[in-house]
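Reading through the structure tokens given below for one structure.
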Amino acid sequence: GRKSLQVVEVATGTTRSLCEGDMISPRATSTDVVFRTCATDTECGIYVIPLVGGTPRLLVKDGWYPAPTPDGKTVYAWAGRKHDPYAVSVPIDGSAPPRRLFDFKPKNEVKFWAVHTLDVSPDGRSLIATRQMANDEVLLLEGVFR
């Protein structure tokens, strides 16, 4: 009945809880798990917790869709408002604040809606994202319902 982030040992099926709460987009490295949650009403964002357990630590305020690099040292995410997101990178150890990389919304783009996923390529050299464009065109379909 309670929402929580669980670790399942594949070989044995044994589970253990890392932390409780409503979490989305969990992504694991060899030592940590990054995920999106709201610790309080005003502290939503990307958090990290060691796989061995501990207290979650905020990495990116208002961040979404964490994507750790293959070496587990950096996390990419998007931050900002839904209709005006930008990409950030942050060391997973928290040794530096998030660094703004680029905007996802092209300048003067009126049909842009949001970014819905984010991932890092296996070689760590590229970010992969899905962008949704608003469909605001009106179509007249004639003769469709005959």
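The values are calculated or read from the model by the stated rules, or taken from the named source; none is laboratory data. Because the structure is a prediction, the values reported are computed rather than measured. Please note: Cβ atoms are built from the backbone with ideal geometry, for glycine as well, and neighbour counts cover all protein chains shown. Remember, those area values only see protein heavy atoms, side chains included, never the ligands or the DNA or RNA. Shrake-Rupley method; radii C 1.70, N 1.55, O 1.52, S 1.80 Å.
Looking only at the stretch 1-15, which residues are exposed (fewer than 13 other Cβ atoms within 10 Å of the Cβ) and of a type outside the set (Asp, Glu)? Before the answer, list the steps.
First, pick out the residues of the stretch 1-15 that are exposed (fewer than 13 other Cβ atoms within 10 Å of the Cβ): 1-3, 6, 8-15.
Passing the criteria: GLY1, ARG2, LYS3, GLN6, VAL8, VAL10, ALA11, THR12, GLY13, THR14, THR15.
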Determine which single condition GLY13 fails, assuming it passes every other condition in (1) under 25 Å from ALA79 (Cα atoms); (2) part of a loop (DSSP other than H, G, I, E, B).
(1)
Those residues that are open to solvent by 60 Å² or more (accessible area, probe 1.4 Å) and outside any strand (DSSP E or B), I need them from the stretch 72-97; list them, please.
LYS73, LYS82, HIS83, ASP93, SER95, PRO97
How many residues, within the stretch 102-116, are open to solvent by less than 60 Å² (accessible area, probe 1.4 Å) and modelled with pLDDT of 65 or more?
5
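Here's the yes/no breakdown for (1) closer than 24 Å to ILE128 by Cβ; (2) under 15 Å from the mean Cα position of the chain (by Cα):
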| position | (1), (2) |
| --- | --- |
| ALA11 | no, no |
| CYS19 | no, no |
| MET23 | yes, yes |
| VAL75 | yes, yes |
| ASP84 | yes, no |
| SER89 | yes, yes |
| PHE102 | yes, no |
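I'd like to know if the stretch 26-39 contains one or more residues that are part of a loop (DSSP other than H, G, I, E, B), in contact with a Ser or Thr (Cβ under 7 Å, 6 or more places away or on another chain) and not acidic (Asp, Glu). Lay out the reasoning, then the answer.
Quick first cut of the stretch 26-39, residues part of a loop (DSSP other than H, G, I, E, B) only: 29-31, 39.
Then keep just the ones that are in contact with a Ser or Thr (Cβ under 7 Å, 6 or more places away or on another chain); that gives none.
For the stretch 26-39, residues part of a loop (DSSP other than H, G, I, E, B), in contact with a Ser or Thr (Cβ under 7 Å, 6 or more places away or on another chain) and not acidic (Asp, Glu): absent.
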Those residues of the stretch 1-58 which are on the phi > 0 side of the Ramachandran plot and modelled with pLDDT of 90 or more, in sequence order:
GLY13, SER25, GLY45, GLY53, GLY54
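For the stretch 16-39, name all the residues that are of a type outside the set (A, V, I, L, M, F, W, C) and surrounded by 14 or more Cβ atoms within 10 Å (Cβ to Cβ). First the steps, then the outcome.
Going residue by residue through the stretch 16-39, those that are of a type outside the set (A, V, I, L, M, F, W, C) are 16-17, 20-22, 25-27, 29-32, 36-37.
Matches in the stretch 16-39: GLY21, SER25, PRO26, ARG27, THR29, ASP32, ARG36, THR37.
Looking at the structure I just gave you, is THR130 at pLDDT 75 or above, in contact with a Ser or Thr (Cβ under 8 Å, 6 or more places away or on another chain) and among the β-branched types (Val, Ile, Thr)?
yes
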Does any residue of the stretch 40-60 turn out to be without any contact (Cβ under 8 Å) to a residue 60 or more places away in the chain, open to solvent by 30 Å² or more (accessible area, probe 1.4 Å), of a type outside the set (A, V, I, L, M, F, W, C) and under 17 Å from ASP103 (Cβ atoms)?
no
Here is a list of conditions, (1) within 15 Å of the chain's Cα centre (by Cα); (2) over 24 Å from SER4 (Cα atoms); (3) modelled with pLDDT of 90 or more, and TYR65 meets all of them except one; can you say which number that is?
(2)
